[in-house]
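Visitor: My questions all concern the structure below.
The values are calculated or read from the model by the stated rules, or taken from the named source; none is laboratory data. Remember, predicted model here, so these are calculated numbers, not experimental data. Note that we place each Cβ from the backbone using ideal geometry, even for glycine, and neighbour counts take in every protein chain shown. Accessible surface is based on the protein model in full, side chains and every heavy atom, while ligands, DNA and RNA are left aside. Shrake-Rupley method; radii C 1.70, N 1.55, O 1.52, S 1.80 Å.
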Amino acid sequence: MMTEHEKLLAGEPYDYRDPALQTMIVRGKDLLAVINQQPASERRAAALQAFFGKVGQRLVINGVFSAVYGSHISVGDDVFINGNCTFQDSNRITLGDRVIIAPDVKLYCGGHSLDATQRFGVRPDGSRYLVTTTKPITIGNDVWIGGNVTVIGGVHIGNNVVVGAGAVVPKDVPDNTVVGGVPARVIKSLPPLA
């Protein structure tokens, strides 16, 4: 039988109140408190290494950052995350190298059934819980995500992409493009990087 964490990562319905998941969430909150409240220090650097599943070189988080688990997030080299960003990492979130995330960006891995009768489950003891499913988000290399963008679970953003401010990205974005709008669509092509 799969654990609730294994179900989460597999995109299967899971119970977020599972004690093991709750322990992971508390750990993440404790590390985020250090990350968000400590100036550049050895303690903050250690918290960043412990919080993220993988951290590349020269990660900058400029301002308050929010996530659920942290351990599901992998960050490449030379990544800049601006203030008030939320990574709802109920599945894997992968950022490539040289990714710029503007303020107020939201990455949402979790979702719920369109069928309202399927949104809550019942535990063996009769108590109810919110049923959530998840999908990973992958962001390639050399990507700039503009302010107030929302990226939905299951999306792969290619390499050398600019996502315009305010966009909602519900589907994959090809390499070498500028996208924008709600829902995001390709606005123009960019020359491939050498």
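Visitor: With a 1.4 Å probe and every protein chain left in place, work out the accessible area per residue of region 100-191 in Å², rounded to a whole number.
Guide: I get 51 Å² per residue for region 100-191.
Visitor: Would you mind computing Rg(Cα) / (2.2 N^0.38 Å) for region 37-79, counting N as its residues?
Guide: 1.08
Visitor: Quick one: angle between helix 19-37 and the longest Cα principal axis of the chain, in degrees between 0 and 90, rounded to 10, please.
Guide: Between helix and principal axis, roughly 40 degrees.
Visitor: With θ set to phi - 60°, apply the Karplus curve 6.51 cos²θ - 1.76 cosθ + 1.60 along region 167-178 and write out the HN-Hα couplings as whole Hz, x wherever there is a Gly or Pro.
Guide: Using θ = phi - 60°, the values come out as 5, 10, 10, x, 9, 4, 10, x, 4, 6, 9, 10 Hz.
Visitor: Can I ask one more? Pick from H112, H72, H156: which is most flexible by mean-square fluctuation in a GNM of the chain where alpha carbon atoms under 10 Å apart are linked?
Guide: Answer for the Gaussian network model of the chain: H112.
Visitor: Write down, largest first, the equivalent ellipsoid semi-axes of region 64-145 in whole Å, where each equals the square root of 5 times an eigenvalue of the alpha-carbon gyration tensor.
Guide: Listed largest to smallest, the semi-axes of region 64-145 are 31, 12, 11 Å.
Visitor: Then there is this: Count the lysine pairs in region 1-137 whose Cα atoms sit under 19 Å apart, keeping only pairs 8 or more residues apart in sequence or on different chains.
Guide: Total qualifying Lys-Lys pairs in region 1-137 comes to 5.
Visitor: Give, rounded to the nearest 20 debye, the magnitude of the charge dipole that region 109-194 has about its Cα centre when Lys and Arg contribute +1 at Cβ and Asp and Glu contribute -1 at Cβ.
Guide: In debye, rounded to 20, region 109-194 gives about 220.
Visitor: Please compute the alpha carbon radius of gyration of region 85-188, then divide it by the globular-protein estimate 2.2 N^0.38 Å. Two decimals is fine.
Guide: Here the answer is 1.21, to two decimals.
Visitor: If we count every other residue with Cβ under 13 angstrom of V155's Cβ, Lys/Arg +1 and Asp/Glu -1, where does the sum land?
Guide: Charge balance in the 13 Å sphere: +3.
Visitor: Using Cα-Cα distances under 8 Å and only pairs 6 or more residues apart, what relative contact order does the chain have, in percent?
Guide: That works out to 14 percent.
Visitor: A further question on this structure: Antiparallel DSSP bridges in the chain: what percent, to the nearest 5?
Guide: Once the DSSP bridges in the chain are tallied, antiparallel ones form about 25 percent.
Visitor: Around F87, which amide H atoms from residues at least 5 apart in sequence, or from another chain, sit under 5 Å from its own amide H, with H modelled in the peptide plane?
Guide: Residues meeting the criterion, in which the H sits 1.01 Å from N, are S66, A67, L107.
Visitor: Within the accessible area of the chain, what % is carbon and sulfur when the probe is 1.4 Å and the other protein chains stay in place?
Guide: 56 percent
Visitor: If the elastic network links every pair of Cα atoms under 10 Å, which of V178, V34, V105 fluctuates the most in the Gaussian network model of the chain?
Guide: Among V178, V34, V105, the largest mean-square fluctuation in the Gaussian network model of the chain belongs to V34.
Visitor: Still on this structure, I have one more. Take I187 and Q22, extend 7 Å from each Cα along the Cα→Cβ direction, and tell me the distance between the two endpoints in nm.
Guide: 4.5 nm
Visitor: With all protein chains present and a 1.4 Å probe, how do M24, M1 order by accessible area, largest first?
Guide: My answer, sorted largest first, is M1, M24.
Visitor: Please compute, for the alpha-carbon atoms of region 1-119, the extent along each of the three principal axes and give them in descending order in Å.
Guide: 46, 26, 21
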